[in-house]
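Notes follow once the structure below has been shown.
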């Protein structure tokens, strides 16, 4: 092996020129050039290239690579791209890749296929261990610990010697890619603890597993929520967590890389909910499906706006006399919206971190009200000044009092709504979404026009 | 070691009763009960308990635990809690913990201290290696690869035998907690590659490092952005990444648990920006600092509202004649806001995934416009119907045409703004924030009143 210094490989940037070169090589069936270009790339980067190709081009590229690399590339593709590409393959061809894909990814990929294709692929898997692993994983829901786990792991019986343990690692070495710990089980496969690889390296060959394993192992039941898994792995800084059934039997293992994906996807999903995009906006990115992801909440927002129009219509007579009342409608609705979103975001984040114990419920409400009071006072005083100068003192009172009430109410709604949603098991990020914003708008208008109507009657 | 089955330890839930019991034990100086309660807990859970205590109580608890556990608890505290607690400790006491804290966390903790305290603590660290590691890490900015890395790692010279390599692991075993790979360097500490621990376990004792190391290692320069580190570790599913300087010299190592924190914090920060909370809202959670985190954007939103009021004021005469024009103000501003946020969220997320190559700039713009067109047509047609029934055909035309234009414009703004911000190196999440929402409101009003003015003149 040469002692050439490692180039720091800090991520591949796909350029248009590179893509065109790849496409030209495919068209001219220039295998040599294709391999020369792709060989230095990490499979994750080749996946990125494939994202830009059509199904036939992708199939040609995969045919040039060995099944192991191909399997990793396929696992790394976006769901929708993969579904599109794999239609081009026979069940037999797909089964050949399944041997090399980690069982958790294999189950995910099979889940994406129509049921008949799924059955055909499994029927073509000759290795009964691979087939039964995948079949077992298909039983779990995607957003559960069982749906995240892989069957690949190294386990050792507590009665083994370290030598036997190393033999087992050797036997599994090819199958288990990321090895951090060996899980220790009893004769009935019940999880007893773990031995870190470091400890095995340092142990005496004649030592026994029973002498060196750590019995304190954090494990998780297969039915637990994916987000709960993420939270536990993050809190305890785990690189892998064993999954057990209710009897404590070792079922599989979840590695941190899958959890990183869960965390990232959860954050994206929350942002989409806050923005009023339906949860899976771009399975494919046709104009119609993009529009469909956005329309539902826009239409609900529109209904809110029309309701608001009816509502303002009630005060048509006031408006004819004092058209200046119309001027401050956007000020009222915008401020209410902003305050509501701020309050709910703070609550949602504190719920996510579950640091909610600190104060009692009423202690927290008091703090929320005090913060709202400070904001409401500052804003209404500033606005009072401006409106007093530009309009009249009466109008200034109306706008300031209305704004004050809107800030207080929106703070309260923005705080209580996510707590209530969370209580009923609904993702509280919804509370920063368009539904609540619309409700806040209507509430603000109601307060504003009622205050105006009352004060002008005086 | 007993063969008692492992209880699955799936996260500790802090209860009010437990907290009260701890506080009572502290007050009565009941060390035994305190240790009995805390001993079974993971240090990360004890940190959670400490978050709820005051500085004196926390100091008492830490005094009952060994320095190693204490160090881990301290690293796990929230920044602000830690700052508050550590004021209670002398520099000498703090220095004693520094030996047991990973160098990256130690540097972070020192960075939180006033400069004089920082210098005093370092002066009290007797071990020159610990002191120089921490001093080196203090040089890096927090949001760079250098600021995330720890000095703890195991490296092996390429000319060593595996036996020497294992000796080195033994020597470092206590210091390096998470060991995945041994990094291979030349005589000048230049990074050449890595050997996975699995490979070491399986290697023949007489093998040489040079024979079994993998020369393809993904490394990152110390000046790279923390988010870039996160993106690379996520893409290539890495559990650790070596950090090098521009000459390729091995400086340190970043582990996935730190990157998980970066990803989580980034997602929270983006949500805060979208909600108009200043970036560090709750360093402490006094009413005043909570209000201060929210007020700036509320005031800017308020300015926008007042500007809107002036703007509508221009059309006072129209309003007197047709007060119905006021009814649809909330509909216009809300729809513009919703469309703008949806568009910018989609762009921000595609920027984050850097899947931006797919279509050319103009190809993407065409798609954005087509999606906007579908949404605009659907919404304005529905609104036309409603307004036609409740008001008049003329009003229906005014509102529908204005709404159509607002949706088109807001889509365009929502798409272009994050692209422009990203181009200038500003976090594009700002584009979903209150500033842009306010701008969209004003734009919507301008379009609406201009359209109404024109059509009613006809």
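Since every read-out is calculated from the coordinates, none of them should be taken as a lab result. Everything numeric in this text was worked out from a predicted model, so none of it was measured. All Cβ positions, even for glycine, are placed from backbone atoms using ideal geometry, and neighbour counts span all protein chains on display.
Residues of segment B:234-262 with the amide nitrogen closer than 19 Å to a label point 7 Å from the Cα of residue B:189, along Cα-to-Cβ, please.
Within reach of a label on residue B:189, which here means backbone N under 19 Å from a point 7 Å along Cα→Cβ, segment B:234-262 contributes B:241-255.
Give the calculated FRET efficiency between residue A:138 and residue A:390 to the nearest 0.05, with a Förster radius of 51 Å applied to their Cβ-Cβ distance.
For residue A:138 and residue A:390, the calculated efficiency is 0.15.
What per residue convex hull volume, in Å³, do the alpha-carbon atoms of the protein assembly as shown yield?
Taking only Cα atoms, the protein assembly as shown has a hull volume of 185 Å³ per residue.
For chain B, take the longest principal axis of its alpha carbons; what is the angle in degrees between that and the long axis of helix B:67-76, to the nearest 10 within 0 to 90?
Once rounded, the angle reads 10 degrees.
Which order do peptides B:422-433, B:294-305, A:333-344, B:404-415 fall in by mean Cβ count within 10 Å, highest first?
The densest-packed peptide leads the list: A:333-344, B:404-415, B:294-305, B:422-433.
Could you work out [θ]222 nm for chain B from helices alone, using -39500 (n - 2.57) per DSSP H run of at least four and dividing by all its residues? Round to the nearest 500 deg cm²/dmol.
Calculated mean residue ellipticity at 222 nm is -20500 deg cm²/dmol.
Please compute the average number of Cβ atoms from other chains found within 10 Å of each residue's Cβ in peptide A:304-316.
That works out to 6 on average.
Sort A:347, A:158 by Cβ crowding within 10 Å, fewest neighbours at the top.
Working: A:347 24, A:158 18.
With the fewest neighbours first, A:347, A:158 line up as A:158, A:347.
At residue A:164, label 7 Å along Cα→Cβ: distances to the other copies, nm, ascending?
Inter-copy label distances (nm, one decimal, shortest first): 3.6.
Based only on other Cβ atoms within 10 Å, what is the fewest-to-most ordering of B:438, B:264?
Taking fewest neighbouring Cβ atoms as first place, the list is B:264, B:438.
log₁₀ I(q)/I(0) of chain B at q = 0.07, 0.13 Å⁻¹, via Debye over equal Cα point scatterers, no solvent, to two decimals?
Reported log10 I(q)/I(0), two decimals: -0.57, -1.20.
Taking Rh as the Kirkwood radius, which is the inverse of the mean 1/r over Cα pairs, what is the Rg/Rh value for segment B:293-383?
Ratio of gyration radius to Kirkwood radius for segment B:293-383: 1.09.
Using only atoms on other chains, find how many Cβ atoms lie within 10 Å of each Cβ of peptide A:265-275 and report the average.
5
Hey, got the average number of other protein chain Cβ atoms within 10 angstrom for residues in B:226-235?
Mean shielding by partner chains, rounded to a whole number: 3.
If R0 is 45 Å, what FRET efficiency do you get for residue B:19 and residue A:307 from their C-beta distance, rounded to 0.05? The partial results should precede the final answer.
Working: r = 46 Å, r/R0 = 1.02.
The calculated FRET efficiency here is 0.45.
How would B:27, B:249 line up from fewest to most surrounding beta-carbon atoms within 10 angstrom? Present the calculation step by step, with values, prior to reporting the outcome.
Working: B:27 10, B:249 16.
Fewest-to-most Cβ neighbours within 10 Å comes out as B:27, B:249.
For the residue pair residue B:115 and residue B:223, what label-to-label distance in nm results when each label sits 7 Å from Cα along the Cα-to-beta-carbon direction?
2.5
Pulled fully out, how much extra length does the chain show between residue B:245 and residue B:373, if you take 0.36 nm times their separation in residues and subtract their Cα-Cα distance? Mind showing how you got there, number by number?
On the way: separation 128, 0.36 × 128 = 46.08 nm, distance 5.06 nm.
Length difference between fully extended and current span is 41.0 nm.
Going highest first, how would you order B:222-231, A:313-322, B:100-109 by mean Cβ packing within 10 Å?
B:100-109, B:222-231, A:313-322
Find the percent of Cα-Cα distances in segment A:155-261 that exceed 24 Å, and round it to a whole number.
That fraction is 23 percent.
Shortest first and in nm with one decimal, please list how far the residue A:394 label point sits from its counterparts in the other copies (point 7 Å along Cα→Cβ).
Output for residue A:394: 2.9 nm, nearest copy listed first.
Label-to-label distances across copies for residue B:19, with labels 7 Å out along Cα→Cβ, in nm, shortest first?
Copy-to-copy label distances at residue B:19, shortest first: 5.3 nm.
Taking the Cα atoms only, what angle lies between the long axis of helix A:226-235 and the longest principal axis of chain A, rounded to 10 degrees?
Relative to chain A, helix A:226-235 is tipped by roughly 80 degrees.
Cα extents of segment A:287-457 along the three principal axes, largest first, in whole Å?
Largest first, segment A:287-457 extends 50, 47, 23 Å along its Cα principal axes.
Calculate, in whole percent, how much of the Cα-Cα pair population of segment A:16-143 lies beyond 24 Å.
For segment A:16-143, the share of Cα pairs beyond 24 Å comes to 28 percent.
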